[in-house]
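Asker: Starting off with a structure, shown below.
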Amino acid sequence: MSSDQFFGLYNYWIVVFLMMTGFYIVIARKNMIKTVIGLNIFQVSVVLLYITMGKVTGGTAPVIPPALAGQHDAHDQHDTHAAPSGHTPAANATAANETVDHGHADHVTELAHELAHELTHDATGDAIHGVTETAGVIYTNPLPSVLMLTAIVVGIATTAVALSLIVRISEDYGTIEEDEILQMDRRQ
Amino acid sequence: MIEYLDFHLPVLTIVVPLIAAPLCVLLGARTMAKLLSWVVCWITFGLSVWLVAKVSAVGKISYYLGGWEPPYGIEYAIDPLNAFLMTFISGMGAIVLMYSGPSLSDEVPQSKHYMFYALYLLCMTGLLGMCATGDLFNVFVFLEISSLSTYALISLGKTRRAPLAAFQYLIMGTIGATFLLIGIGLLYQMTGTLNMADIGVQLESYRTAGVVVDGVQGPPHWEGSRTMLVAFAFLTVGLCIKMAVFPLHTWLPNSYTYAPSVVTCFVAATATKVSVYAFIRIVFGIFTPTFAFELLPLDTALWSFSLVGIFVASIAAIYQTNIKRRLAYSSIAQIGYMLLGISMANQHGLTAGIVHMFNHALIKGGLFMAVGCFALRLGSVHLDDWRGAGKTMPWTSLAWATGGLGLIGVPVTCGFISKWLLLTAAMENELYPVAALMLVSSLLAVIYIWQVVEVLYFSPPSEKAKKATEAPLIMLVTTWVVVGATVVFGVWTTWSAGLAGDAARVLLGGGTP
């Protein structure tokens, strides 16, 4: 493995390092709070894995840039023929079709049009779904980030349940060291 | 109105209990929450029966959430197998809820009852969702919904060991679910889609035809890629933790033992089975049997772990004096039989695996319900306290004996059907040692079940058993409905074995039902 390959994959090294660290803490630590911390590190590594796979080189956040959005507003003020802002993409797409005839280059509506086109006509064939290059702007794939929002919520819920269980265990046993608890149970 | 309901049927079965769960918390009152959850459970059951009727009339249903077509949107794909499983889960949910009343009042403080109902509905939502969905990430989300509510349900147990058991399950369960998440991520990275059917198609074309890069057709990758292998490993291990396959089973005995009886009834009957279903879907639907069983030695791995698990868990069961723990170990052994069937990957084997999934769920549900009756009247689940209870609690004892016969696999009970199919499949594959070991392991089941029957009927009654009276009517009736079903499905197999056979044919790539 060349050094380029090694350093080029640095995200994945971080992911694997965090994953193994978290996993080791879960297995090795007997203190329950530390186990939960390990579990969190483990889950965060998966979040990083997803974000890494969604990243497209040179891509920006999948949000319409303010510059383009500004052009859109200006355009609306000038041209009464174009539809007002705040449309559905489909409506914008038809608006784009009309305005193109007039020779106006409306980037935002064009973008919407292309997106709609892609959704309807290009369902197959693309090796990497979600890479959208429109109006010279490359966007990263938003789907993994969205999935991770869900995974983070799940992680928070898990941590909350775990911590509340620890509170009850500590109330009942007076300790949160697993060894001591097992000993107490065995003595009974 | 009817058309509208009919169209949205797949999602309604899941959304109805999902919305009812927070309503239970908002209502806050015990009786109101109880009433609501009863009504919702039966409505859900009615909806899923309707769904089964619809599926058997029109075939596979594909429902697009929010109207977004797959692979962009989430698809709920209903076929006979998961429609039947959903009916089973919601039916079991409704019956156990009817059964729950007296047992719940005995084991859970009244102030926490509304929480129980909310969690119970959430758990059911998660399990139903895992069956219905055709989207891989959705499977993870529903798995976590059902798991999180199960952790909380287990921690409602009376003793201080209940929260500890729930915590241990939480750690194991979260690791399993996160493994699943890693596997899903890797598959997404390879195929760019989360729709299970679509992933299957993409992986298959990758393996048999190769990928087109810049307009040039690449070579086929018969052996799959390393990403595919790693994803497969993560998904398998993750689900094996959830299924409680032998070396990864450590969370199960404590959880089943210390949870309230009602929770054990429901969780033991449904949770691990839904994971088995998800496993079948992933292995046969996404990776195809060729990849899993011919290129990779999943069959050898599965049947060796299953057999070791069956023996170790059955022998462990014999030495348990806590009956709930005894049944928990027996559950681990029974999961082995299901995987044994699946590992054979032929028509008979897979049918046996699926049938045993249903049959064991009924048997174990019935047995745990009988245990709940004893726990209520005797105040104990220890073998010594059960001595001679056969005289004071004849109907409950008879329910235990009937369910136990099913677990052993005596003819006329449904346990016999699944063991028979499994044996046929083993013979067909010429796995004679496996067949022989299966028969021997059934003898172990005779020991751990019959020991209890003997104690119930032929021992001088203990102090507790002398004072005991028969269990409340509602608990007896519901227990007998489930135990009776094990006999009904042992005689009348059109639904269970017939349906499982059709499902197996479809999963193995044969004709549509």
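Asker: Does the range B:226-233 include one or more residues that are modelled with pLDDT of 90 or more and among the charged types (D, E, K, R)?
Answerer: No, the range B:226-233 has no match at all.
Asker: Does B:Met438 satisfy being touching a residue at least 40 places away in the same chain (Cβ under 8 Å) and surrounded by fewer than 24 Cβ atoms within 10 Å (Cβ to Cβ)?
Answerer: Spelling it out, B:Met438 is indeed touching a residue at least 40 places away in the same chain (Cβ under 8 Å) and surrounded by fewer than 24 Cβ atoms within 10 Å (Cβ to Cβ).
Asker: Separate question: Can you confirm whether B:Tyr64 is touching a Gly at 6+ places or on another chain (Cβ under 8 Å), of a type in the set (Phe, Trp, Tyr) and surrounded by fewer than 21 Cβ atoms within 10 Å (Cβ to Cβ)?
Answerer: yes
Asker: Would the range B:324-335 turn up any residue that is over 19 Å from B:Leu307 (Cα atoms) and assigned to a helix (DSSP H, G or I)?
Answerer: Within the range B:324-335 (the criterion being over 19 Å from B:Leu307 (Cα atoms) and assigned to a helix (DSSP H, G or I)), the answer is yes, since at least one residue qualifies.
Asker: Going residue by residue through the range B:430-441, is there one that turns out to be under 16 Å from B:Leu340 (Cβ atoms) and either of a type in the set (Asp, Glu) or not in a helix (DSSP H, G or I) (or both)?
Answerer: Yes; the residues of the range B:430-441 include at least one that is under 16 Å from B:Leu340 (Cβ atoms) and either of a type in the set (Asp, Glu) or not in a helix (DSSP H, G or I) (or both).
Asker: Suppose we filter the range B:152-168 for residues that are surrounded by fewer than 24 Cβ atoms within 10 Å (Cβ to Cβ) and either of a type in the set (S, T, N, Q) or assigned to a helix (DSSP H, G or I) (or both); how many remain?
Answerer: Qualifying residue count for the region: 4.
Asker: Of all residues in the range B:221-260, count the ones that are among the small types (Gly, Ala, Ser) and buried (at least 24 other Cβ atoms within 10 Å of the Cβ).
Answerer: Of the residues in that region, 5 qualify.
Asker: Looking only at residues in the range A:17-35 that are under 23 Å from the mean Cα position of the chain (by Cα) and surrounded by 14 or more Cβ atoms within 10 Å (Cβ to Cβ), which one is farthest from the other protein chains (Cβ to nearest Cβ)?
Answerer: The residue in question is A:Thr21.
Asker: Next question, about the same structure. If you go through the range B:131-163 one residue at a time, how many are over 30 Å from A:Pro144 (Cα atoms) and of a type outside the set (Ser, Thr, Tyr)?
Answerer: Within the range B:131-163, residues that are over 30 Å from A:Pro144 (Cα atoms) and of a type outside the set (Ser, Thr, Tyr) number 9.
Asker: Answer with yes or no whether B:Ala94 is aliphatic (A, V, I, L, M) and not in a helix (DSSP H, G or I).
Answerer: Here the answer is no, as B:Ala94 does not meet what is asked.
Asker: What residue, of B:Ile318, B:Ile354, B:Ile363, B:Ile286, is out of contact with any Lys or Arg (no Cβ under 6 Å at 6 or more places or on another chain), closer than 17 Å to B:Gly404 by Cβ and surrounded by 22 or more Cβ atoms within 10 Å (Cβ to Cβ)?
Answerer: On inspection, the qualifying residue turns out to be B:Ile363.
Asker: With the structure loaded, tell me whether B:Gly349 is part of a helix (DSSP H, G or I) and either aliphatic (A, V, I, L, M) or over 17 Å from B:Thr250 (Cα atoms) (or both) or whether it fails that test.
Answerer: yes
Asker: Return the total of residues in the range B:213-267 being closer than 30 Å to B:Met369 by Cβ and of a type in the set (A, V, I, L, M).
Answerer: Matching residues across the range B:213-267 total 11.
Asker: Taking the range B:138-178 only, how many residues are more than 9 Å from every other protein chain (Cβ to nearest Cβ) and free of Cβ contacts under 8 Å to residues at least 12 places away in the same chain?
Answerer: Residues in the range B:138-178 being more than 9 Å from every other protein chain (Cβ to nearest Cβ) and free of Cβ contacts under 8 Å to residues at least 12 places away in the same chain: 0 in total.
Asker: Checking B:Leu398 against (1) modelled with pLDDT of 90 or more; (2) crowded, with 23+ Cβ neighbours inside 10 Å, which test does it fail?
Answerer: (2)
Asker: Another question, then. Scan the range A:36-52 residue by residue and report those that are farther than 14 Å from A:Gly155 by Cα and of a type in the set (Ser, Thr, Tyr).
Answerer: If the condition is that a residue be farther than 14 Å from A:Gly155 by Cα and of a type in the set (Ser, Thr, Tyr), then A:Tyr50, A:Thr52 are the ones that fit.
Asker: Report, by residue number, each residue of the range A:147-159 that is without any contact (Cβ under 8 Å) to a residue 60 or more places away in the chain and more than 9 Å from chain B (Cβ to nearest Cβ).
Answerer: A:Leu149, A:Val153, A:Ile156
Asker: Tell me, please, whether a residue that is within 9 Å of chain B (Cβ to nearest Cβ), farther than 25 Å from A:Lys30 by Cβ and surrounded by 13 or more Cβ atoms within 10 Å (Cβ to Cβ) can be found in the range A:170-185.
Answerer: No, the conditions are met nowhere in the range A:170-185.
The values are calculated or read from the model by the stated rules, or taken from the named source; none is laboratory data. Everything numeric in this text was worked out from a predicted model, so none of it was measured. Glycine also receives a Cβ, built like all others from the backbone with ideal geometry; neighbour counts cover every protein chain displayed.
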